[in-house]
1. Return a yes/no flag: does the stretch 8-15 have any residue that is touching an Asp or Glu at 6+ places or on another chain (Cβ under 8 Å) and either modelled with pLDDT of 95 or more or on the phi > 0 side of the Ramachandran plot (or both).
2. Out of (1) in contact (Cβ under 8 Å) with a residue 40 or more places away in the chain; (2) open to solvent by 80 Å² or more (accessible area, probe 1.4 Å), the odd one out for E44 is which?
3. Can you name every residue in the stretch 47-56 that is open to solvent by less than 80 Å² (accessible area, probe 1.4 Å) and part of a loop (DSSP other than H, G, I, E, B)?
4. Being without any contact (Cβ under 8 Å) to a residue 12 or more places away in the chain and touching a helix residue (DSSP H, G or I) at 6+ places or on another chain (Cβ under 8 Å), is that true of even one residue in the stretch 5-17?
Amino acid sequence: MKEFHCGSLVPGCEWHTRHEEEAEVIRRAAEHMREAHGETVIRESMVEAIRSRIAESRNAA
Ligand SMILES: [Zn+2]
């Protein structure tokens with residue numbers, strides 16, 4: 001599982017997501033950026049920032 005915590009990019013945000021596929025984690029994170037943080041355009045630099053913060057989840061549950 002891959003997981004992304006928005007708080008690693010936007011301090012104070014509690015939102016996080018997990019999925020088997022990194023691409024899906026990025027897609028969900030981009031959607032969250034639009035809806036919660038008013039990012040109307042998701043730039044490549046934003047995608048890279050998200051990607052670099054995605055961690056492998058070792059939690060089997
Ligand atoms: Zn957030």
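1. Among the residues of the stretch 8-15, not one is touching an Asp or Glu at 6+ places or on another chain (Cβ under 8 Å) and either modelled with pLDDT of 95 or more or on the phi > 0 side of the Ramachandran plot (or both), which makes the answer no.
2. Result: E44 passes all but (1).
3. Listed by number, the list holds a single entry, I54.
4. yes
Yes/no per residue for (1) outside any loop (DSSP other than H, G, I, E, B); (2) away from the ligand (no atom under 15 Å from the Cβ):
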position	(1), (2)
G7	yes, no
E14	no, no
T17	yes, no
E24	yes, yes
R28	yes, no
R34	yes, no
E39	no, no
S45	yes, yes
R58	no, yes
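The values are calculated or read from the model by the stated rules, or taken from the named source; none is laboratory data. On a predicted model such as this, the values are computed, not experimentally measured, just so you know. So basically every Cβ, Gly included, is an ideal-geometry build from the backbone, and we count neighbours across all protein chains shown. For accessibility, only protein heavy atoms count, side chains too; no ligands or nucleic acids. Shrake-Rupley method; radii C 1.70, N 1.55, O 1.52, S 1.80 Å.
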